[in-house]
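> I have a structure I would like to understand better, so I am pasting it below and will then ask my questions one at a time.
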Amino acid sequence: MDISEDALLVAIRKVLSGAGPEVRVGVGDDAAVVAPGTGDLVLTTDALVEGSHFTLATSTARDLGYKAIVVAVSDVAAMAASPRYALCALTLSGSVDAAWVMELFGGMREACDEYALWLVGGNLARGSEVTVAITAVGEAAPGRARTRDGARPGDVLVVTGALGAAAAGLRLATVPPRAPNADERAASARLARPVARVGEAGVLARHGATAMIDISDGLTLDLSRLCAASGVGARLELEAVPVAPAATQAEALGGGEDYELLVTLPGDAAVTGAADELREAFGVSLTRIGVIIEEGLVAVSSDDDESPLEPTGWDHFRDA
Ligand SMILES: [Mg+2]
């Protein structure tokens, strides 16, 4: 590193200055102190690891910092909670310098401003790869956090937005087109800067969402997790799955990192009500993609052919 740790911390503190009154002690002391809210605390942690989630050659520091916060915020959103605070544990390798680290924190600050949470502390360590680990703390009204395990047979399966953009962005990064079109540029942007559906989750919860999960590892894999947690099955209508403009259907079904919400709602009236509100408030679509059944995962094709649905997606521990 080209400057001392203390000098770096002073610089980081400047980037992160200006916390709200509920932050009593922010970055710079041994630990942060925040005033308690009135709701249930929702806690999550996630890490972006060089070589596994990103490379220094293809990710800018600013995008990486932004994404690290959004990925953690998305898990808070998937519980229908509001993000409040974040902590960052950073491992830095010899391949990055102080300017890179400041850009990283600049990106984190941008995302924290966007989603109205405070980065209140963290740690710097040295290692052989860069890792950005974020712990996020959110708040939900007492007893109102939404879990994965409430889906019941007959519930309608819906998804926000369109799927596969991040997977398409990853494909385009591997084999870049000579002149990317607008859809392709949007897919690349989505991979670099995902969107966490915080407000959308609140709307879906108000319309009676029985279970909710953010699609981080692929629709079919995250659907299988929701069904396993709820002890139910699902019929997924393949042709109904909204495919992002630059993506293929396979990318929409199995591509990770979209961070859209997969939700079960108690009936078609709830779907219509939630869809209208999401369109009006956020300009975000809500699509009915299937129904919850007693057991088994079934894929339904356009000509009503049924076949077992094999979850595909991003499994970190599966050997390639
Ligand atoms: Mg999640």
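Here, each number is a calculation from the coordinates, and none is a lab measurement. Owing to the predicted nature of the structure, the values given are computational and were not obtained by experimental measurement. All Cβ positions, even for glycine, are placed from backbone atoms using ideal geometry, and neighbour counts span all protein chains on display.
> What does the net charge come to around M79 if you take all other residues with beta carbon closer than 15 Å to its beta carbon, with K and R at +1 and D and E at -1? Working shown, then result.
On the way: positive: R84, R144, R146, R148, R197, R206, R225; negative: D40, D46, D75, E139, D149, E200, D214, D222.
That sum, taken over residues with Cβ under 15 Å, equals -1.
> What residues qualify as long-range amide H neighbours of I289, i.e. H under 5 Å apart, gap of 5 or more or another chain, H built at 1.01 Å from N?
Residues meeting the amide H criterion: L157, V158, V159.
> So how strong a dipole does region 174-320 carry about its Cα centre when Lys and Arg Cβ are +1 and Asp and Glu Cβ are -1, to the nearest 20 debye?
Details: 11 positive and 25 negative charges, 133 e Å.
That gives a dipole near 640 debye.
> Right, here's the next one. Which peptide among 75-88, 264-277 comes first, and what is the full order, when sorted by highest mean count of other Cβ atoms within 10 Å? Spell out each step's value before the answer.
Numbers: 75-88: 25.2, 264-277: 18.1.
Result, highest mean first: 75-88, 264-277.
> While we're looking at this one, here's another question. Once you have the Kirkwood Rh of region 1-104 from its Cα pairs, apply Stokes-Einstein at 10 °C and 1.306 mPa s and quote D in µm²/s. Each step should come with its number before you reach the end.
Working: Rh = 15.5 Å.
After rounding, the answer is 102 µm²/s.
> Please identify every one of the trypsin sites (Lys or Arg not before Pro) in region 158-226 that sits in a loop by DSSP and has no more than 10 other beta carbons within 10 Å of its own beta carbon.
Details: sites: R171, R178, R185, R190, R197, R206, R225; in loops: R178, R197.
Taking region 158-226 and a limit of 10 other Cβ atoms within 10 Å, the loop trypsin sites (Lys or Arg not before Pro) found are R178.
> Right, another one. Scan around G296 for amide H atoms under 5 Å from its own, H built in the peptide plane at 1.01 Å from N, and keep only partners 5 or more places away or cross-chain.
Distant-sequence amide H within range of G296: G233, A234.
> Any idea what the dipole of the chain comes to, in debye rounded to 20, about its Cα centre with Lys/Arg Cβ at +1 and Asp/Glu Cβ at -1? Before the final figure, lay out each step's value.
Values: 24 positive and 45 negative charges, 160 e Å.
Magnitude of the dipole: close to 760 debye.
> Compare A228, A145, A168 in a GNM of the chain, Cα atoms joined below 10 Å, and give the one with the largest fluctuation.
A228
> So, one more: Can you sort F54, F105 so the residue with the fewest Cβ neighbours within 10 Å comes first?
Details: F54 21, F105 25.
Starting with the residue having the fewest Cβ neighbours, the order is F54, F105.
> When you count, for each residue, the other Cβ atoms within 10 Å and take the mean per peptide, how do 254-261, 2-9 rank with the highest first? Walk me through the numbers on the way to the answer.
Details: 254-261: 25.6, 2-9: 12.5.
Ranked by mean Cβ neighbours within 10 Å, highest first: 254-261, 2-9.
> I need the phi-derived Karplus couplings for region 86-92: 6.51 cos²θ - 1.76 cosθ + 1.60, θ = phi - 60°, integer Hz, Gly and Pro marked x.
Result, ordered by residue: 9, 10, 10, 10, 10, 10, 10 Hz.
> If you don't mind, another one. Quick one: D46, D40, D30, fewest Cβ neighbours within 10 Å first, how do they rank? Could you put the intermediate results ahead of the total?
Details: D46 18, D40 15, D30 6.
If I rank by nearby Cβ atoms, fewest first, I get D30, D40, D46.
> Moving on to the next point. What whole number of Å gives the distance from the Cα centroid of region 141-185 to the Cα centroid of region 1-43?
Cα centroid to Cα centroid, the span is 31 Å.
> Find out how many positive minus negative residues lie around G169, taking Lys and Arg as positive, Asp and Glu as negative, among other residues whose Cβ is under 11 Å from that of G169. Kindly include the intermediate steps, with their values, before the conclusion.
Values: positive: R171, R185, R190, R193; negative: D183, E184, E251, E257, D258.
Net charge in that neighbourhood comes out at -1.
> Among the DSSP beta bridges whose two residues both lie in region 35-167, what percent are antiparallel, rounded to the nearest 5? Show your work: numbers first, answer last.
Values: 19 of 28 bridges.
Percent antiparallel among DSSP bridges in region 35-167 is about 70.
> How much of the DSSP beta bridge set in the chain is antiparallel, as a percent to the nearest 5? Spell out each step's value before the answer.
Numbers: 41 of 55 bridges.
Taking every DSSP beta bridge within the chain, about 75 percent pair in antiparallel fashion.
> What are the ³J(HN,Hα) couplings of region 22-37, residue after residue, when phi is run through the Karplus curve with 6.51, -1.76, 1.60 and θ = phi - 60°? Round to Hz, x for glycine and proline.
6, 8, 7, 9, x, 4, x, 9, 5, 8, 8, 10, 10, 6, x, x
> Rank these for me by crowding, M108, M212, M1, going from fewest to most other beta carbons within 10 Å.
Numbers: M108 29, M212 25, M1 16.
Fewest-to-most Cβ neighbours within 10 Å comes out as M1, M212, M108.
> Based on Cα coordinates alone, diagonalise the gyration tensor for the chain, multiply each eigenvalue by 5, take square roots, and list the semi-axes in whole Å, largest first.
Values: eigenvalues 240, 115, 52 Å².
Working through the eigenvalues yields semi-axes of 35, 24, 16 Å.
> Now for a different question. Taking only DSSP H segments of four or more residues, each worth -39500 (n - 2.57), what value at 222 nm results for the chain once the sum is divided by all its residues, to the nearest 500 deg cm²/dmol?
Details: 9 runs with 109 residues, N = 320.
It lands at -10500 deg cm²/dmol.
> Given Cβ point charges of +1 (Lys, Arg) and -1 (Asp, Glu) and nothing else, what value in debye, to the nearest 20, does the dipole of region 1-79 about its Cα centre take?
Working: 5 positive and 11 negative charges, 55 e Å.
Roughly 260 debye for region 1-79.
> Pull up the DSSP beta bridges for region 84-131 and report the antiparallel fraction as a percent, rounded to 5. Let's see the in-between values first.
Values: 1 of 9 bridges.
The antiparallel fraction comes to roughly 10 percent.
> Now for a different question. Sort the following peptides by mean Cβ neighbour count (other Cβ atoms within 10 Å, averaged over residues), highest first: 113-120, 215-222.
Values: 113-120: 20.2, 215-222: 23.6.
The peptides rank, most packed first, as 215-222, 113-120.
> All other residues with a Cβ under 12 Å from the Cβ of R206 taken together, and with Lys, Arg as +1 and Asp, Glu as -1, what is their net charge?
Working: positive: R144, R146; negative: E200, E277.
Charge balance in the 12 Å sphere: 0.
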